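Colleague: Dumping the structure here so I can ask a few things about it.
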Amino acid sequence: MQGQPVHPNPLFNLIPIAIILVVLALRFRRLTRERPLKIEWLWVVPALYIVIAGVTFWNLPPSPTTLAVAFAALLAGAALGWQRGRMMHIKVDPETHEISQKGSVAAMAFIIVLVLIRTGARNAEALGLPGIHFDVMAMTDVLIAFALGMLTMQRVEMFLRARRLLEEARAA
């Protein structure tokens, strides 16, 4: 029995999909609700992610090729993060000057498309696409750089727009 290969139950492949669907359903429910936006706290997530990315790249330095691709992914993530930030609805109460945000369906669809692309890329080799092979560590480095660019620029765009809207509300 020890020498025989183990064939896992194919239903185990559905567990990650089920988890993603539950998370997306919960996020979609919250999408229609306005939430307070504290612009003074928008720097926290990018700062934490910079630390995580820095520690990751410091502990296991990527190859020069992976570093170049990761830099390109950082730039692509920054561009897409800026667009995602623009999709977020930001409103300033004219009387209290309270800032609130509400997610958009477009922003949620954007994330779903990114998850599908990532899943497709991860499973390309398993699907039997010829000539496609991924170095898991390199792919992780690239995705970390992409996420860093996206998270940072999304919050930068939201901060700049919220601050501009707040200044306009105060001037009115």
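Colleague: What residues qualify as long-range amide H neighbours of Leu37, i.e. H under 5 Å apart, gap of 5 or more or another chain, H built at 1.01 Å from N?
Modeller: Residues meeting the criterion, in which the H sits 1.01 Å from N, are Ile99, Ser100, Gln101.
Colleague: Ignoring ligands, DNA and RNA, what accessible area per residue does region 48-114 give at 1.4 Å, in Å²? All intermediate terms of the calculation are to be shown ahead of the outcome.
Modeller: Values: 4060 Å² over 67 residues.
That works out to 61 Å² for each residue.
Colleague: Would you mind calculating the gained length between Thr140 and Glu95 on full extension (0.36 nm times residue separation, minus the Cα-Cα distance), in nm to one decimal? All intermediate terms of the calculation are to be shown ahead of the outcome.
Modeller: Details: separation 45, 0.36 × 45 = 16.20 nm, distance 4.64 nm.
11.6 nm is the gain from fully extending Thr140 to Glu95.
Colleague: Top to bottom by accessible area (1.4 Å), largest first, where do Thr65, Thr140 land? It would help to have the intermediate numbers written out before the result.
Modeller: Working: Thr65 100, Thr140 60 Å².
The ordering from most to least exposed comes out as Thr65, Thr140.
Colleague: Further question: What FRET efficiency, computed as 1/(1 + (r/R0)^6) with R0 = 41 Å and r the Cβ-Cβ distance, is obtained for Arg164 and Leu14, rounded to the nearest 0.05? Intermediate results must be reported in sequence, preceding the final value.
Modeller: Numbers: r = 45 Å, r/R0 = 1.10.
For R0 = 41 Å, the calculated efficiency reads 0.35.
Colleague: Explain nothing, just compute: Karplus ³J(HN,Hα) = 6.51 cos²θ - 1.76 cosθ + 1.60, θ = phi - 60°, for every residue of region 71-79 in order, whole Hz, x for Gly and Pro.
Modeller: 5, 5, 5, 4, 5, 5, x, 5, 5
Colleague: Let me ask something additional. When only the heavy atoms of the protein chains count and the probe is 1.4 Å, how do Ser100, Ser63 rank by accessible area, highest first? Could the numbers behind the result be given before it?
Modeller: On the way: Ser100 20, Ser63 55 Å².
These residues rank, largest area first, as Ser63, Ser100.
Colleague: Another one. Could you check the simple spin-label distance between Val22 and Val51, using points 7 Å along Cα→Cβ, in nm with one decimal?
Modeller: Simple spin-label model gives 2.9 nm for this pair.
Colleague: Considering only protein heavy atoms, with the full assembly of protein chains and a 1.4 angstrom probe, order Trp43, Trp58 by accessible area, largest first.
Modeller: Values: Trp43 155, Trp58 205 Å².
If we order Trp43, Trp58 from most to least accessible, we get Trp58, Trp43.
The values are calculated or read from the model by the stated rules, or taken from the named source; none is laboratory data. All of these numbers come straight from a predicted model, not from anything done at the bench. Cβ coordinates were reconstructed from backbone atoms using ideal geometry, including for glycine residues, and neighbour counts include every protein chain displayed. Please note that ligands, DNA and RNA were not included when accessible areas were found on the heavy atoms of the full protein model with its side chains. Shrake-Rupley method; radii C 1.70, N 1.55, O 1.52, S 1.80 Å.
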